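Nothing in this text is a laboratory measurement; each read-out follows from the coordinates by a stated rule. Keep in mind it's a predicted model, so treat the numbers as computed, not measured. Please note: Cβ atoms are built from the backbone with ideal geometry, for glycine as well, and neighbour counts cover all protein chains shown.
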Amino acid sequence: MGGARLYFGLFFVCGLGLISSVNGESPVPHAGGKDSVVAPVGKDGAPMVLIPAGEFTMGTHDVGTNWHQGNPNESPQHVVAVPAFLVDLYEVTIERYAKFMEAAQHGAPPLWDDEAVTSAGDRPVVGVDWADAEAYCRWAGKRLPTESEWEKAARGTDGRRYPWGDMQPFVDIANYNRGLWVSYQITLVPVTSGVAGMSIRHGLKEGGRSPYGLFHMAGNASEWVQDWYDREYYKGSPKENPKGPAQGEKKVIRGGSWSDSPRNIRVTARFSATPDFRDQSVGFRCAMDAPKP
């Protein structure tokens, strides 16, 4: 993977009133049929989605070498419960990251392209290391999602293989298997792509979005999450709100990217890299605890 080889019965108030549109699009419904896109609550102004509290199936028992099977570090399959949380609807964009760099006086990633801010500002920022991602989320008043939060946001509660279900991906569902890096404009796609209508020929009215409406939880940019990595962690993971090992040498990366095969963009696929790793396939999105009702 690019070298390194995520209802309340009452909607809470607390300033999180529903919005009627996001960047001109209709609000995205979650699996329960209620609108779950909330008004931006972070400093970056990014729309977020409410993921309800509750249990979901994490990992897989189906381990093997076929496109639909997992690696040993994705097993055993287990049930996890997480509290309600908010997560960004989209991957953090180049444009939003540029505003963060200016406001926080944060240095640019080594391969940063100033022209991309205007020519491809709606593409996910990539080439950031874990500390960059964590610093952005902290500046915005958020945090990186935990690995368990990320997987619930990506697959919902029905144990699906991909954000859209069990069906193998196609190019109008996810941005994957693109080969060598070409450019932001050609290789990466806007974070708002994948809207309803792109996958009509496959019968997927919501395109490649997750059950909660999140975009690009498979492909486009792979995503840093909060946890330290341990390939054996699932064997002793706590059921309630697991947050990964207390320490480690590598951080977890989820979601697969534009360069990955179908096998590596499954919602259970786990990869890792040292926190200082940078690659043109790795970006992130932010999360935060849901305010108490």
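Placing +1 on each Lys and Arg Cβ and -1 on each Asp and Glu Cβ, with no other charges, gives region 72-162 a dipole about its Cα centre of roughly 400 debye.
What ranking do 111, 188 get, fewest neighbouring Cβ atoms within 10 angstrom at the top? Walk me through the numbers before you get to the answer.
Details: 111 12, 188 31.
Ascending Cβ contact count within 10 Å gives the list 111, 188.
Computed extension length for residue 118-residue 62: 15.8 nm, one decimal, from 0.36 nm per residue of separation with the Cα-Cα distance subtracted.
Per-residue Cβ neighbour counts within 10 Å put 224, 164 in the sequence 164, 224, beginning with the fewest. Take the alpha carbon atoms of region 237-278, find their center, do the same for region 125-139, and report the distance between the two centers in whole angstrom. About 15 Å separates the Cα centre of region 237-278 from the one of region 125-139.
Dipole size of region 111-200 about its Cα centre, with +1 on Lys/Arg Cβ and -1 on Asp/Glu Cβ: approximately 300 debye, rounded to the nearest 20.
Rounded to the nearest 0.05, what FRET efficiency do residue 168 and residue 105 have when you use their Cβ-Cβ distance and R0 = 35 Å? The value I calculate is 0.20. When the pairs 142/235; 239/292; 152/243; 235/292 are compared against a 24 Å limit on Cα-Cα distance, 142/235; 235/292 fall above it. Per-residue Cβ neighbour counts within 10 Å put 166, 129 in the sequence 166, 129, beginning with the fewest.
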